[in-house]
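Visitor: Following this message is one structure expressed as structure tokens.
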Amino acid sequence: WWSTSTHKAGVLMDANQLEAMFFEHVPEQFCRRALRMIFDARRRAWDHCKAEFPPTEAENVRPWYVRGKVETQLRDVADLHATDGMTHRVLKAPGSGWNHTEVMAGPVLLTAGAVQTPCGPINKADFRLGLAASNQGSLFDSGPMGENLYVMLVHSGYRSMSASDQAKYGHLPASAYLAFPAADLDSYLLEVNLFDRYPDIVQASLPQEWNKEAIVRFMYDARKTSWPRSA
């Protein structure tokens with residue numbers, strides 16, 4: 001962590017301060033609902049693409065359908081917390097053909113995105129780079145008040161070497177994290193594993209036929225530390 005680092009703008013907030021700042025403005029219930037949403041959105045995308053396309057085309061279309069479901073359902077979750085002061089908007093970055101959803105809660109601004117491995121690197125879209133750069137004032141104790149704290153809800157998909165397992169369980173997310181990016185998006189200043197934080201939601205969403213050993217393995221594989229190349 002950067003808890004001992006300094007900068008001309010002040011002392012950089014450490015991981016505990018970042019987490020405290022986030023949960024001061026974002027209810028735990030929102031995060032619990034967002035995690036359920038990731039399971040649901042991926043399941044809906046999987047089932048729709050399986051029904052509409054042959055396997056060869058479904059494999060190509062599914063990532064974009066997952067994105068659409070997550071973006072849409074993220075706004076639905078935020079709407080459930082309007083009385084908590086949460087709002088959302090849909091924007092299209094200049095020169096981009098893609099819309100993206102931003103959820104706001106006080107100084108916190110959250111977007112969602114898919115990654116290949118648990119809390120792995122995310123695509124450096126212009127809008128993410130711009131939002132991450134805006135973090136710099138917020139991350140320092142003496143930074144300007146009112147600047148955003150940018151956080152990403154990053155999720156990855158289930159992958160198995162077994163074709164039969166992939167066909168049966170490919171609808172599952174393999175991980176879900178709150179990732180607090182550095183300005184260049186090359187690293188994360190803080191990573192919150194939502195599977196570990198809310199294991200009851202994960203276990204309620206897993207296949208009923210899985211035994212305890214399968215669940216333990218799934219939870220272990222959902223951790224970034226299980227994928228050294230993503231670090």
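Visitor: Identify the single condition in (1) modelled with pLDDT under 95; (2) surrounded by 13 or more Cβ atoms within 10 Å (Cβ to Cβ) that Pro144 does not satisfy, given that it satisfies every other one.
Guide: Going through the list (1) modelled with pLDDT under 95; (2) surrounded by 13 or more Cβ atoms within 10 Å (Cβ to Cβ), Pro144 breaks only (2).
Visitor: Would you point out which residue out of Leu109, Leu129 is in contact with a helix residue (DSSP H, G or I) (Cβ under 8 Å, 6 or more places away or on another chain) and either open to solvent by 30 Å² or more (accessible area, probe 1.4 Å) or not in a helix (DSSP H, G or I) (or both)?
Guide: Answer to the check: Leu109.
Visitor: Just checking, how many residues over the range 197-221 are open to solvent by 30 Å² or more (accessible area, probe 1.4 Å) and either more than 14 Å from the chain's Cα centre (by Cα) or more than 22 Å from Ile122 (Cα to Cα) (or both)?
Guide: Number of matching residues: 17.
Visitor: Now, a different point. Of these, Thr83, Thr72, which one is open to solvent by less than 70 Å² (accessible area, probe 1.4 Å) and of a type in the set (Ser, Thr, Tyr)? First the steps, then the outcome.
Guide: Details: Thr83 fails: open to solvent by less than 70 Å² (accessible area, probe 1.4 Å).
Answer to the check: Thr72.
Visitor: Looking at Lys168, Lys224, which is the one that is open to solvent by 20 Å² or more (accessible area, probe 1.4 Å) and under 21 Å from Thr111 (Cα atoms)?
Guide: Of the residues listed, the single one that is open to solvent by 20 Å² or more (accessible area, probe 1.4 Å) and under 21 Å from Thr111 (Cα atoms) is Lys224.
Visitor: When Met13 is evaluated against the numbered criteria (1) under 24 Å from Ile201 (Cβ atoms); (2) surrounded by 14 or more Cβ atoms within 10 Å (Cβ to Cβ); (3) in contact with a strand residue (DSSP E or B) (Cβ under 8 Å, 6 or more places away or on another chain), which criterion, by number, is the only one it fails?
Guide: Here Met13 meets the rest and fails (1).
The values are calculated or read from the model by the stated rules, or taken from the named source; none is laboratory data. In this text the structure is predicted, and so the values were computed from the model without any measurement. Positions of Cβ are backbone-derived with ideal geometry, glycine not excepted, and every protein chain shown enters the neighbour counts. Ligands, DNA and RNA are stripped out before the accessible areas are found, and what is left, the full protein with its side chains, is counted by its heavy atoms. Shrake-Rupley method; radii C 1.70, N 1.55, O 1.52, S 1.80 Å.
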